[in-house]
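Written out below as structure tokens is the structure these notes cover.
The values are calculated or read from the model by the stated rules, or taken from the named source; none is laboratory data. Since the model is a prediction, treat every value here as computed from it, not as a measurement. Here the Cβ positions follow ideal geometry from the backbone for every residue, glycine too, while neighbour counts run over all protein chains shown. Heads up: the accessible areas ignore ligands, DNA and RNA and are worked out on the full protein's heavy atoms, side chains in. Shrake-Rupley method; radii C 1.70, N 1.55, O 1.52, S 1.80 Å.
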Amino acid sequence: DLEKLAQYSSDGKRKSYNVSIGDAWLDGNQYNWHTSSGITFDNQGNLWVASYISVLWKLEPTDPEQADPDFIFHDVYEGMRVTGMAFSPDNDLYAIEENAENLYRYSSEGEKELVYDFGNVPGPGRGPGAVAVDDDGVVYVGTLGKIYRFDNDFNPEVYADVSTFSMVVGKDGALYALEGGHGRDYSLVRVASENQVEFITNTVDGQKFGR
């Protein structure tokens, strides 16, 4: 199921959904999405899917007010292999491109802009990364070794010595990151401010997250 896009209910049950691709309606759970690179929602409720075949797809709900909508497929951006992405309050998409290890911004009008070249970062702190954006539009990038926060001029500064490829901003404004990997057990941590890292857990129902 590594190439599938599954939908789950709040109680952990897998749910069915359909996607309109071309002239056909297909079972979304069975379609081969070629994805393990990340998903996110924009401000209009559209689901964005990053495929490892270097494509970004948008799934538009047929009825945004419906609890279990079907989706309409859109092939949006090609030629970019994304490992992490997130939308800003202005609905700009920030994404890490794996091959070049660069941070790009896609405007709501579809314009692509290089924000930062991580080849300029010396030593540790590179590698495929995660992206998160808070309610103030501040962009965070998680990499192998560090989480970076970008200032208003889009210069990166080390925010926490956390190695992560998956993180989100919580309702409380803190970063929640899955720390570990590369031979280390994963754990969920909370980063409330610069270098203030709080361990939350590394197990679910008594089972460790793994590595």
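Below, the figures for the structure above:
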{"quantity": "Heavy-atom surface of region 122-211, accessible at 1.4 Å and reported per residue (Å²)", "calculated": "54 Å²"}
{"quantity": "Region 103-204: trypsin sites (Lys or Arg not before Pro) in DSSP coil with no more than 16 other Cβ atoms inside 10 Å", "calculated": "R126, K171"}
{"quantity": "Spin-label zone in region 43-61 - amide nitrogen under 11 Å from a point set 7 Å from the Cα of L26 along the C-beta vector", "calculated": "none"}
{"quantity": "Point-charge dipole on Cβ atoms (K/R +1, D/E -1) for the chain, about Cα centre, debye to 20", "calculated": "900 debye"}
{"quantity": "Once exposed loop GluC sites (Glu not before Pro) are cut out (DSSP; at most 14 other Cβ, 10 Å), longest piece of the chain", "calculated": "112-193"}
{"quantity": "The chain - percent of accessible surface contributed by carbon and sulfur, probe 1.4 Å", "calculated": "44 percent"}
{"quantity": "Interchain or long-range residues, amide H under 5 Å from V131's placed H", "calculated": "M85, G142, M167"}
{"quantity": "Rounded to the nearest 10 Å², the accessible area of Y31 at probe 1.4 Å", "calculated": "70 Å²"}
{"quantity": "Among (i) 22.8, 75; (ii) 19.5, 67; (iii) 17.4, 51, the entry derived from the coordinates for Rg and Dmax of the Cα atoms in Å", "calculated": "(iii)"}
{"quantity": "Region 1-77: trypsin sites (Lys or Arg not before Pro) in DSSP coil with no more than 16 other Cβ atoms inside 10 Å", "calculated": "K4, K13"}
{"quantity": "Contact order normalised by residue count of region 53-211, Cα under 8 Å, 6+ apart, percent", "calculated": "12 percent"}
{"quantity": "Where Y17, Y52 fall by accessible area, highest first, once all protein chains stay in place (1.4 Å)", "calculated": "Y52, Y17"}
{"quantity": "27 Å Cα-Cα threshold exceeded, pairs from K4/K146; K58/K208; K15/K146; K4/K58; K58/K146; K112/K171", "calculated": "K4/K146; K58/K208; K15/K146; K58/K146; K112/K171"}
